[in-house]
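Asks: Dumping the structure here so I can ask a few things about it.
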Amino acid sequence: MTATAKRASDLKELQQRVGELEKQLRGTKPAAAAPWWKRIIGKFADDPIFEEVVKEVRKRRRAEYAALKVAAGKKSLRRGSTRNGRRGD
């Protein structure tokens, strides 16, 4: 069998296999997966290492926030504030 004939044979076999898989998939319904955040709720409850990570992240965010505040020359960059200083409530 020549290389071209072998490739043609392999391609035909592959097309048949894909066709069979497509037939099998047509009869299935996709599983309704829960959002990622629902799947991990509670996984780190009472985990001291996770609590340490959370504290470190908060510390770094506060530092970055303070640096932004200084760089912007603003009095307040509190959560919920807008450019004009009024809350959007």
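Asks: With the structure loaded, tell me whether A66 is surrounded by 10 or more Cβ atoms within 10 Å (Cβ to Cβ) and either of a type outside the set (G, A, S) or at pLDDT 90 or above (or both) or whether it fails that test. Can you show your working first?
Replies: On the way: surrounded by 10 or more Cβ atoms within 10 Å (Cβ to Cβ): yes; either of a type outside the set (G, A, S) or at pLDDT 90 or above (or both): yes.
Here the answer is yes, as A66 does meet what is asked.
Asks: Sticking with this structure for a sec: Between a residue in segment 32-50 that is in a helix (DSSP H, G or I) and any residue that is surrounded by 10 or more Cβ atoms within 10 Å (Cβ to Cβ) and at pLDDT 90 or above, which pairs come within a Cβ distance under 7 Å, given they are 6 or more apart or on different chains?
Replies: Sorted first by the residue in segment 32-50, then by its partner, the pairs are F50/F44.
The values are calculated or read from the model by the stated rules, or taken from the named source; none is laboratory data. Everything numeric here is computed off the predicted structure, so don't read it as measured data. Cβ sites come from the backbone with ideal geometry, for glycine too, and all protein chains shown count toward neighbours.
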